[in-house]
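The values are calculated or read from the model by the stated rules, or taken from the named source; none is laboratory data. Quick caveat: nothing in here was measured; it's all calculated off a predicted structure. Here Cβ is always computed from backbone atoms with ideal geometry, including for glycine, and neighbour counts include all displayed protein chains. Ligands, DNA and RNA are excluded from the accessible area calculation, which covers all protein heavy atoms including side chains. Shrake-Rupley method; radii C 1.70, N 1.55, O 1.52, S 1.80 Å.
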Amino acid sequence: MARNDARWGNPAVYAAALLLIGLMLGPVIYIIIGGFRTNSQIITDPAGLPHPWVGANYTDVLTSDTFWRQVGNSTIVALATTVAVVTLGVMASYVLARYRFRGRGAMYALFASGLMFPVTVAITPLYILVKNLGLVNTLPGVILPQIAFGLPTTIIILVPFLRAIPKEIEEAAAIDRCSRLGFFWRMVLPLSVPGLITTGILAFIGSWNSYLLPLFILNDQDSFTLPLGVQAFSSQYSVDTAKVLAFTSLSMIPALVFFSLFERRIVGGLTGAVKG
Amino acid sequence: MSSNVGGKSTTVTEDASGKRVRSGGGAQTSPPPRARRRGIGWAQRLEIAVLSGPALLMFVGFVIFPVLMAAYYGFYRWKGYGVPTNFVGLDNYRTILQDSSFHQALWHNGQIAVLSLVLQGPIAICLALLLNRKVRGQSLIRVLIFVPYVIAEVIVGTAWALMLQANGAVNDVLRSAGLDGLAQDWLANRSLAIWTLMFILTWKYVGFAVILFLAGMQNIPEELSEAAAVDGASYWQTQWRITLPLLGPTIRIWAFLSIIGALQLFDLVYIIWGQYVASTAGTSTMATYMVVEGRNAANYGYGNAVAVVIFFISLIIALVYQRFVLRRDTEGALTGGR
């Protein structure tokens with residue numbers, strides 16, 4: 001089969017791509033449209049189109065305090081986690097990348113070993129630790145462990161990044177009487193912005209979607225994040241499928257918006273990590 | 001799987017971590033040859049402490065310490081409150097060895113790991129080959145196939161559970177297409193459940209594999225396929241002889257991530273088979289078993305022992321994989337890089 005790369009390429013490729021997109025997006029679209037139906041519509045015709053379109057499910061969810069409180073909680077947790085992971089991560093990565101000291105290898109190995117510890121393994125002791133700190137049912141109780149578990153990824157992505165900054169720039173800065181900390185502040189941070197953004201996005205989405213840790217730490221409805229909220233909502237209204245669909249689709253939106261804004265960075269970051 | 005994107009990408013660099021671990025260890029045993037020990041001054045030590053201290057503190061406090069505590073609690077029979085006093089030594093581990101529910105969970109994890117490789121790998125390679133040709137709107141297509149990967153597993157689970165219920169949309173579509181015979185109780189039918197789970201996992205994670213493979217393919221120099229074309233190789237011959245072998249490192253890293261992810265699968269199974277179907281028995285995994293036994297049955301000591309077992313199984317597989325599969329990929333990096 002010769003490559004018939006006319007300007008548009010092979011039509012079969014487009015057909016396959018369309019089919020693929022349909023398969024990937026079909027369920028998502030089903031959920032979104034399903035929210036516009038009533039329960040009786042869903043029971044009589046589970047896969048049909050809304051007839052008529054009903055907006056009540058969406059307005060109900062959008063006017064409920066619960067939903068917005070959970071959005072707020074998730075936002076706070078994700079933003080705080082992201083900022084702290086990136087800040088602490090870049091500071092430690094700078095040390096690991098550009099200082100020579102005894103124990104550097106050990107420190108790197110320690111952080112890298114964190115990749116082998118999923119939250120699953122540590123979840124019960126973490127719960128007890130958070131309880132002893134008096135942070136059960138509080139957002140910091142989720143944020144602090146998330147920061148810690150986010151550090152290995154961040155450091156492993158950032159260290160090669162910071163190491164790649166040419167030695168000459170550092171020497172030039174030294175000649176200009178720029179201290180190492182000044183160099184970090186004025187040169188390293190601006191130069192590593194792409195890496196910071198990538199790691200920040202990974203931390204944000206990871207935190208936004210996380211479930212197991214909040215499940216253990218947050219028992220009070222008021223402190224729920226969105227994933228817990230979806231679960232609670234769907235078991236509470238298990239007979240009200242249409243409303244669950246509306247709630248579910250609304251809770252997908254933030255991650256999807258965030259993702260579409262930063263898609264290039266995410267994909268670039270993931271593939272860059274593999275190359276590196 | 002608390003951090004999906006984060007978690008995955010975490011493991012993206014896992015091989016890098018492994019090689020670092022080793023290189024770090026090596027550096028310690030034999031003093032670095034090029035360290036022209038001029039000793040580091042106090043100012044520098046202070047900088048190091050101030051910059052890396054907070055991260056170290058957080059990491060040791062909230063990762064290392066809890067992991068060690070898990071190992072410690074695993075030796076006790078303990079309800080989760082007060083100081084554990086009922087030391088039972090290795091009893092919890094003996095129980096795990098004899099517990100058929102755990103064996104089942106382990107078996108499921110194994111099945112999921114193998115099936116993920118066998119199903120997602122070829123599908124993703126085909127899709128990546130397809131998208132690696134000249135296609136208009138390629139970047140849009142890439143974004144769209146990545147969408148399921150970005151949605152939280154909890155949401156994915158809730159949505160698919162609703163669609164796959166006995167009277168759900170999937171069966172309705174089948175019936176209205178005249179395929180009544182194919183309509184099934186996808187979730188509760190024990191022999192089907194694992195396949196249902198694999199279907200959902202493939203749907204969610206195949207986009208990630210496609211993106212990785214595409215990136216790998218785009219690193220392959222164009223000249224190679226041009227040279228092959230000059231030598232009269234067909235499209236398929238070129239893919240088979242050039243693209244696939246050169247994609248090897250990417251495939252091996254993806255497979256590693258896939259296996260580790262499969263071993264730690266929790267959210268999706270817990271949501272679907274914990275909430276919509278009577279029990280988690282059909283597709284229980286080690287992690288759901290741990291939570292059900294440890295937390296819901298207030299058998300914390302035992303739950304921690306299970307966590308330790310999960311950790312060691314992952315660790316052993318990771319080490320073996322790195323030793324025998326990833327070695328050739330990291331060798332250059334090990335010796336070349338600093």
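Please give me the summed charge of the neighbours of residue B:88: other residues whose Cβ is under 10 Å from its Cβ, Lys and Arg +1, Asp and Glu -1.
Numbers: positive: B:77, B:94; negative: B:91.
Summing Lys and Arg as +1 and Asp and Glu as -1 gives +1.
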Projecting the Cα atoms of A:209, A:68, A:161 onto the charge dipole of chain A, where Lys and Arg contribute +1 and Asp and Glu -1 at Cβ, the residue farthest towards the positive end is A:161
Between A:53, A:26, A:80, whose Cα lies farthest towards the positive end of the dipole of segment A:25-184 when Lys and Arg beta carbons carry +1 and Asp and Glu beta carbons carry -1, centred on the Cα centre?
A:80
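Would you mind classifying segment A:69-113 by shape? Square roots of the alpha carbon gyration tensor eigenvalues, ordered a ≥ b ≥ c; an a/c under 1.5 is rounded, otherwise it is prolate if a/b is larger than b/c and oblate if not. Mind dumping the intermediate values first?
On the way: a/c = 6.75, a/b = 2.98, b/c = 2.26.
Prolate.
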Reported to the nearest 10 Å², residue A:85 has, with a 1.4 Å probe, an accessible area equal to 0
Tell me, what is a quarter of the convex hull surface for the C-alpha atoms of segment B:247-289, in nm² with one decimal?
3.3
B versus A: buried accessible surface, summed, Å² (probe 1.4 Å, to nearest 100):
9700
When the accessible area of the protein assembly as shown is split by element with a 1.4 Å probe, what percent falls to carbon and sulfur?
65
Restricting to DSSP H runs of at least four residues, report the calculated mean residue ellipticity at 222 nm for chain A, -39500 (n - 2.57) per run over all residues, nearest 500 deg cm²/dmol.
-24000 deg cm²/dmol
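With a 1.4 Å probe and every protein chain left in place, work out the accessible area per residue of the protein assembly as shown in Å², rounded to a whole number.
Values: 26380 Å² over 614 residues.
Per-residue accessible area for the protein assembly as shown comes out at 43 Å².
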Taking Cα centroids, how far is segment A:156-220 from segment B:65-116 in Å?
36
Karplus-derived 3J(HN,Hα), 6.51/-1.76/1.60, for each residue of segment B:132-149, Hz, glycine and proline x:
7, 8, 6, 10, 6, x, 4, 5, 5, 4, 4, 4, 5, 6, 8, 4, x, 5
Where in segment A:199-244 does accessible area fall by at least 30 Å² between the isolated chain and the complete protein assembly, at a 1.4 Å probe radius?
A:202, A:205, A:206, A:209, A:211, A:212, A:215, A:216, A:230, A:231, A:234
Fraction of alpha-carbon pairs over 50 Å apart in the protein assembly as shown - percent:
12
At R0 = 25 Å, FRET efficiency that the Cβ-Cβ distance of residue B:136 and residue B:240 yields, to 0.05:
0.40
Amide H of residue B:76: which non-local residues (sequence gap of 5 or more, or other chain) have their own amide H closer than 5 Å, using H built in the peptide plane?
B:88
Counting pairwise Cα distances across segment B:57-163, what percent come out greater than 25 angstrom?
58
Vicinal HN-Hα couplings computed from phi for segment B:175-183 (Karplus, 6.51 cos²θ - 1.76 cosθ + 1.60; Hz; Gly/Pro x)
5, 6, 8, x, 9, 3, x, 7, 4
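Given R₀ = 30 Å, FRET efficiency for residue A:18-residue B:176 by Cβ-Cβ distance, to 0.05?
Numbers: r = 22 Å, r/R0 = 0.74.
So the FRET efficiency works out to roughly 0.85.
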Give me the base-10 log of I(q)/I(0) for segment B:64-111 at each q in 0.27 Å⁻¹, Debye formula, one uniform scatterer per Cα, rounded to two decimals.
-0.97
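Normalised radius of gyration for segment B:127-280, please: alpha carbon Rg relative to 2.2 N^0.38 Å, two decimal places.
Numbers: Rg = 19.6 Å, N = 154, 2.2 N^0.38 = 14.9 Å.
Expressed relative to 2.2 N^0.38 Å, the Cα Rg reads 1.32.
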Starting from the Cα gyration tensor of segment A:148-221, multiply each eigenvalue by 5, take the square root, and state the resulting semi-axes largest first in whole Å.
36, 12, 9
Which whole-Hz ³J(HN,Hα) couplings does segment B:151-163 yield from phi under the Karplus relation 6.51 cos²θ - 1.76 cosθ + 1.60, θ = phi - 60°, glycine and proline marked x?
6, 4, 4, 4, 5, 4, x, 4, 5, 5, 4, 5, 6
Helix axis angle, A:241-275 relative to chain A longest principal axis, alpha carbon, degrees
30
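Hey, got the average number of other protein chain Cβ atoms within 10 angstrom for residues in B:67-78? All intermediate terms of the calculation are to be shown ahead of the outcome.
Details: counts 9, 2, 6, 8, 2, 1, 3, 1, 0, 0, 0, 1.
Mean partner shielding for this stretch: 3.
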